[in-house]
1. Could you list, in sequence order, all residues of segment 475-501 that are of a type in the set (A, V, I, L, M) and either over 29 Å from Asp542 (Cβ atoms) or free of Cβ contacts under 8 Å to residues at least 40 places away in the same chain (or both)?
2. Given the criterion buried (at least 21 other Cβ atoms within 10 Å of the Cβ), under 24 Å from Val527 (Cα atoms) and under 20 Å from the mean Cα position of the chain (by Cα), identify the matching residue among Leu439, Leu443, Leu501, Leu493.
3. Among the listed residues Gln548, Gln601, Gln553, identify the single one that is buried (at least 23 other Cβ atoms within 10 Å of the Cβ), part of a helix (DSSP H, G or I), touching a helix residue (DSSP H, G or I) at 6+ places or on another chain (Cβ under 9 Å) and not aromatic (Phe, Trp, Tyr).
4. For segment 40-63, give me each residue that is aliphatic (A, V, I, L, M) and in contact (Cβ under 8 Å) with a residue 24 or more places away in the chain.
5. Looking at segment 320-363 only, could you name the residues that are within 16 Å of the ligand (Cβ to nearest atom) and in a helix (DSSP H, G or I)?
6. Counting only residues that are crowded, with 23+ Cβ neighbours inside 10 Å and in a loop (DSSP other than H, G, I, E, B), how many does segment 232-267 have?
7. Is there a residue being more than 19 Å from Ser248 (Cα to Cα), within 16 Å of the ligand (Cβ to nearest atom), surrounded by 22 or more Cβ atoms within 10 Å (Cβ to Cβ) and not basic (Lys, Arg) anywhere in segment 471-479?
8. Sort out for me the strands (runs of 3 or more DSSP E) sitting completely within segment 108-212 that have 3 or more residues that are among the hydrophobic types (A, V, I, L, M, F, W, C) and surrounded by 21 or more Cβ atoms within 10 Å (Cβ to Cβ).
Amino acid sequence: MKKLYIHLLVVSAMFFNMAGQVFAQDGATPKNLDGKQAITVATEKTEMIFTPDGDNRLQLIFYGTKGSFNGKYDSLAEAYFSGGSDFYYSPALRVTHEDGNTSTLLKLQKSEQKNLDGNIVETRIYLKDDYYNFYVTLVFKAYQKENLIAQHVVFENKEKKAVTIYNFASTALTFSPGKYYLTQFHGKWADEMNMVEELLTPGIKVLDSKLGVRAHEMRNPTFLLGIGEPAREDNGNVIGGSLAWSGSFEFSFEFDENGRLFALCGMNPYMEQRILEPGKTFVTPEMLLVYSNKGTGEMSRSFQDWGRKYGVREGYTPRSILLNNWEATFFDFDEKKLVSLFEGAKKLGFELFLLDDGWFGNKYPRNDDHAGLGDWDVNKKKLPNGVEALCVAAEKIGIDFGIWVEPEMVNPKSELYEKHPDWVIGQKHRPLNFRRNQLNLDLSNPDVREFCFNVVDHLLTANPDIRFVKWDANRFVTNGGSYYLKPELQSHLIYDYHVALYDIMDRVMKKHPNVRMMLCSGGGGRVDYKALSYFHEFWPSDNTDPVQRVYIQWGYSMFYPSIAVAGHVTHWGARPIKFAFDVAMSVRMGMDRDLAKLNEQELAFSKNAIAEYKRVRDVVQLGTQYRLISPYGSNRSASMYVNEDKSHAIAFVFQIKNAAEGDSTTVALKGLIPGKQYKVREINRMPDASGKTSAEVGVFSGKQLMDGALDCRLNAEITSSVYEITAVAN
Ligand code: DGJ
């Protein structure tokens, strides 16, 4: 049997010699291999190359920088390896066929390619089981400019009886023997997106979620894979992966006995096997992949560009600056209090007010998180004149009004639960688990799906002046059973739930296209590119301590653009207000504080910061991001945004810990035009004796700034500087 190696390494100086296998670099892209036509899925800078072997079994022979494939390979690892036949590692696909046969043997039928719109090229590779009428189509969308490849898989059962699919990866990659460094983004409530990188060692490393709903509470469905060396910011080969799916997921990385690495990415097969009736299809979520030979910086810029253009709604429309009442009042508010907040917000320059949890429920008023969820009638005691009166007041004051909902959940202490105890997710004969005193509604039930849509639709239809919605989801699934689904279809619950959820979100989006939407799940419990396609932004974490936010926002920046990342100034951590503002200003800025409790100095500072943010918001929200200093392993962190023609940039420097002796004080900027002159000004300073909030730093060439001419002497922990860099006529 041939040795199985696939060449995915593309550094021209890198040669591998494993078991007599030498990969040379001659830059040849294959047109024909073994006399068979190769199928190439290409973006401007990267490509994946597939070819059938002599038996017509499809192989992935290359994923890397375009044009750098050496033309040589020696492989039998299939592009979509299936279980039960001659592949004996974790399979991408595992099916039990109509007669109980547990093996699948896929052969290439044909492929087709079409240009969808000048930027997206779609490739469909059609595979079929060699014996059974079971069809698998690998679908790739190659986003040319963004160098992103999105892959999903479609299964079609044309057998006579139902089949059961146990494994259904969205993508399967094979890497030649070498060193691979995996970075995950793990955490928990209020501690999201911790980056941990490790050298993969023999065995299987699995990054997953089994939480069903709000499935990203403990891990975002993303990873980085450093190829040959740990992922670095500005050089080296790295793959970024992100699954566009809000349910449970699984990424597994397994070495074979020869040191090859198999990476499988997709929905978590845990409790999710799919019974597919004859004539039916099943579609996996999309896996998004970016390969870069210039490190995580370029990879993230690809993801962020793609995110703005395709991943989030209206990714080029600057976001409003909002005041949220959650941390200011929690559940304790009334109309008078809210209107006073509108007034204060308007005076400071806020553009949008968001009313959070606690505005509904009468028999069981929502005065804390124990009751009322599910009963979406306005609480008459707190808001006797309804939401309408709030919209009217907001309009009069001149601020947009937004509102919070959590339509997928119910408190057991609610009229909804009294009426429909069978609408919740739970297992027969087992006690219910009341995390955060609530239960998940079972969206696989069409009645529940309709109820959930109506919660949002009725609210927005009755109050057409609501401009913004924050959609929350505060618990994950335990006891994952459905009282609605038939016994044999219980394992369909989480997938069907999400099909219903996306349908609801889609209908809300289409019926209320002018309402801006924030995706929230007790912080970052549901941050992925499928859910985000219905939303303008997301709430990254309930942890708004700006020191922690430096890390959290750094983590999200690997995949998500700043325009979608909500950063609020709050009281968490009791940090200096300037530091809190500077951190919030580095993404989509807002605030969660009781303005009546701010002192004169804080009010003045806030007003100026909001005005400054308005002035530079286009650069921060729409500009290209360059990460400069990682908070991991450093006492400070820095990043910057540069506008399209590189004439305007904003740089943020956060001193998160006291500077140590020997720490450099300079910051080397990136992304500027070397030969251009730039004026640098520090903005958003605490006012000096004469009330000035900015200071000239000097004029430098782009080259000088990129070589480290900016001296930023912040020594004490929790201090920060914001620099505005503006091109001047040469
Ligand atoms: C969790 C969210 O993350 C918070 O911002 C807030 O909306 C609460 N839920 C309300 O219950």
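The values are calculated or read from the model by the stated rules, or taken from the named source; none is laboratory data. Keep in mind the model is a prediction, meaning the values are calculated, not measured. Every residue, glycine as well, gets a Cβ built from its backbone with ideal geometry; the counts of neighbours run over all protein chains shown.
1. Leu485, Leu489, Val499
2. Being buried (at least 21 other Cβ atoms within 10 Å of the Cβ), under 24 Å from Val527 (Cα atoms) and under 20 Å from the mean Cα position of the chain (by Cα) holds for just one of Leu439, Leu443, Leu501, Leu493, which is Leu501.
3. Only one candidate qualifies: Gln553.
4. Val41, Ala42, Met48, Leu58, Leu60, Ile61
5. Residues satisfying the conditions are Trp326, Glu327, Ala328, Thr329, Leu338, Leu341.
6. Of the residues in segment 232-267, 4 are crowded, with 23+ Cβ neighbours inside 10 Å and in a loop (DSSP other than H, G, I, E, B).
7. Checking segment 471-479: at least one residue is more than 19 Å from Ser248 (Cα to Cα), within 16 Å of the ligand (Cβ to nearest atom), surrounded by 22 or more Cβ atoms within 10 Å (Cβ to Cβ) and not basic (Lys, Arg).
8. 134-143, 148-157, 163-168, 171-175
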